[in-house]
Amino acid sequence: MAVIRGYIAASLDGRIVSGDGSLDWLYKYDDMDLGEHDYRLFLKGIRTVVMGRATYDFIAGEQAPWAYGDQRVIVVTSRPIEGPKGPLEARSDVGSLIEELRALDDGDVWMLGGGKLQMAFLERDALDEIEIYVIPEILGSGEPLFPLTGHRASPTLVSATAIEKGCVRLHYRFS
């Protein structure tokens, strides 16, 4: 059975995107040495990438090439995707998608990007683990790590590690 994982960076005030829709605050930390937790190593262990439409639109708008050629990509959206940036599948029903993902046995699943989709999975007890990289920046506005939906959870801390430039890696497991 696949493990469904989150791997995300958040500002010290709990934002994942600044109020102007930018990740510039995060890009200045691109040169950090994350060692065994490096994004490229993480991605090698992922077979399926799941993202919401806003995350897909952000990635599609970037100049960088499609980074997920070795993974199956699923975009959760109710709107058609015209001229996709890379190979992908679209789904609109989160419940049936979770059933499909739980049946996978060919590698782990990464919930890429925004908190809305991660919260939808959390609310259905379908997010198994999350790595949060807390970046010492206060943005003052922007998209929250987890939107306030009334859902409560008490994950178990697996590890907390100080890394370069004042950043901290938090690894939690949901039961």
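Each value in this text was obtained by applying a stated rule to the coordinates, not by laboratory testing. From a predicted model like this one, the values you see are computed outputs, not experimental measurements. Neighbour counts are summed over all protein chains in view; Cβ atoms, including those assigned to glycine, are modelled from backbone coordinates with ideal geometry.
Would you mention how many residues in segment 151-175 are in a loop (DSSP other than H, G, I, E, B), under 22 Å from ILE4 (Cα atoms) and not charged (D, E, K, R)? I'd like the intermediate steps shown before the answer.
Here is the first cut: in segment 151-175, the residues in a loop (DSSP other than H, G, I, E, B) are 151-155, 163, 167, 174-175.
So of that shortlist, the ones also under 22 Å from ILE4 (Cα atoms) come out as 151-155, 174-175.
In the following step, the residues that additionally are not charged (D, E, K, R) were identified as 151, 153-155, 174-175.
Residues meeting the conditions: 6.
Would you point out which residue out of GLU137, GLU143, GLU99 is outside any loop (DSSP other than H, G, I, E, B), over 18 Å from GLY45 (Cβ atoms) and either free of Cβ contacts under 8 Å to residues at least 24 places away in the same chain or touching a Ser or Thr at 6+ places or on another chain (Cβ under 7 Å) (or both)?
Of the residues listed, the single one that is outside any loop (DSSP other than H, G, I, E, B), over 18 Å from GLY45 (Cβ atoms) and either free of Cβ contacts under 8 Å to residues at least 24 places away in the same chain or touching a Ser or Thr at 6+ places or on another chain (Cβ under 7 Å) (or both) is GLU99.
Please count how many residues of segment 104-127 are touching a residue at least 60 places away in the same chain (Cβ under 8 Å) and surrounded by fewer than 21 Cβ atoms within 10 Å (Cβ to Cβ).
7
Against the conditions (1) part of a strand (DSSP E or B); (2) closer than 24 Å to ASP38 by Cβ; (3) out of contact with any helix residue (DSSP H, G or I) (no Cβ under 6 Å at 6 or more places or on another chain); (4) not polar (S, T, N, Q), where does ALA90 fall short? Just the number, please.
Answer for ALA90: the failing condition is (2).
Have a look at VAL94, VAL49 and point out the one that is farther than 20 Å from GLU131 by Cβ and in contact (Cβ under 8 Å) with a residue 24 or more places away in the chain.
Answer to the selection: VAL94.
Restricting to segment 33-66, name every residue that is in a loop (DSSP other than H, G, I, E, B) and surrounded by fewer than 15 Cβ atoms within 10 Å (Cβ to Cβ).
If the condition is that a residue be in a loop (DSSP other than H, G, I, E, B) and surrounded by fewer than 15 Cβ atoms within 10 Å (Cβ to Cβ), then ASP33, ASP38, GLY45, GLU62, GLN63, ALA64, PRO65, TRP66 are the ones that fit.
Output yes when any residue across segment 67-75 is closer than 27 Å to ARG173 by Cβ, out of contact with any Cys (no Cβ under 9 Å at 6 or more places or on another chain) and surrounded by fewer than 14 Cβ atoms within 10 Å (Cβ to Cβ), and no when none is.
Checked segment 67-75: at least one residue is closer than 27 Å to ARG173 by Cβ, out of contact with any Cys (no Cβ under 9 Å at 6 or more places or on another chain) and surrounded by fewer than 14 Cβ atoms within 10 Å (Cβ to Cβ).
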